[in-house]
Amino acid sequence: MTQDELKKAVAEAALEEVKKIIDKDSIVGVGTGSTANFFIDALATIKLDFDGAVASSEATRERLKAHGITVYDLNGVGTVPVYVDGADEVNAHLHMVKGGGGALTREKIIGACSTKFICIADESKKVDILGGFPLPVEVIPMARSYVARELVKMGANPVYREGFVTDNGNVILDLYNFPIDDPLSIEQKINNITGVVTNGLFALRPADVLLLGCADGVKRITAD
Ligand SMILES: O=C[C@H](O)[C@H](O)[C@H](O)COP(=O)(O)O
């Protein structure tokens, strides 16, 4: 199977899980990226069975709207019963690194509001230790140099993602060669640096379910 076929398979598996959770009044949380895009296309096939969606990026908002799915402002929505999103890396505790596409902050906000977080990923994303994929940190532009210096003190090698601005008008520092041995503590430590909006570690609010696309089928994994 190609990587795209694995992504499509997990998106379809997620749709089956979502169908069991939603009713006609439900708002579905929708993530960002190539795997989430397959989920959006699958979700469109049942668009008459739920009320609408909240989007974790402008790109996702546009794709949902193109399918005729109503997109709500999160402020007008209470709890989101289910949120489906991809990841750049995921470990056995269902901690994730996210934000390769720069959508980490809105993703984290929707994750925080969601009762059930379903992570969809192909098997290349499953790792023992997070940090092989550079960890994105969203930063207020004027704080970029200060935050970078603080991250260097933590042993990280921050690289400015040049020419990229997040949907929130901020910049991204990607942390290379930064093994994440204690995700809970590192997530909090980085977020405590003044000028950081958030970082792409999802350990304080991990996924509840991982649907992992493997050559021999989709595996359903819950946290250790
Ligand atoms: O900012 C982007 C998101 O965190 C994505 O969920 C993540 O980068 C995975 O994207 P993809 O499914 O394209 O690998």
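The values are calculated or read from the model by the stated rules, or taken from the named source; none is laboratory data. The structure presented is a predicted model; accordingly, all values stated were derived computationally and were not measured. Using ideal geometry, Cβ is built from the backbone for each residue, glycine included, and neighbour counts are taken over all protein chains shown. With ligands, DNA and RNA removed, areas are computed over all heavy atoms of the protein, side chains included. Shrake-Rupley method; radii C 1.70, N 1.55, O 1.52, S 1.80 Å.
Points to keep in mind about this one:
- Test for ARG149: is it within 16 Å of ILE190 (Cα to Cα) and surrounded by fewer than 16 Cβ atoms within 10 Å (Cβ to Cβ): yes
- Output for the range 84-140, where each listed residue is among the hydrophobic types (A, V, I, L, M, F, W, C), under 24 Å from TYR160 (Cα atoms) and free of Cβ contacts under 8 Å to residues at least 60 places away in the same chain: ILE109, ILE129, PHE133, VAL139, ILE140
- Residue count for the range 97-119, restricted to those that are near the ligand (Cβ under 8 Å from one of its atoms) and open to solvent by less than 20 Å² (accessible area, probe 1.4 Å): 6.
- Condition check for ALA42: among the small types (Gly, Ala, Ser), buried (at least 22 other Cβ atoms within 10 Å of the Cβ) and over 18 Å from ALA207 (Cα atoms): no
- Top-ranked residue in the range 152-169 [being surrounded by fewer than 20 Cβ atoms within 10 Å (Cβ to Cβ) and in contact (Cβ under 8 Å) with a residue 40 or more places away in the chain; ranked as farthest from GLY100 (Cα to Cα)]: ASN168
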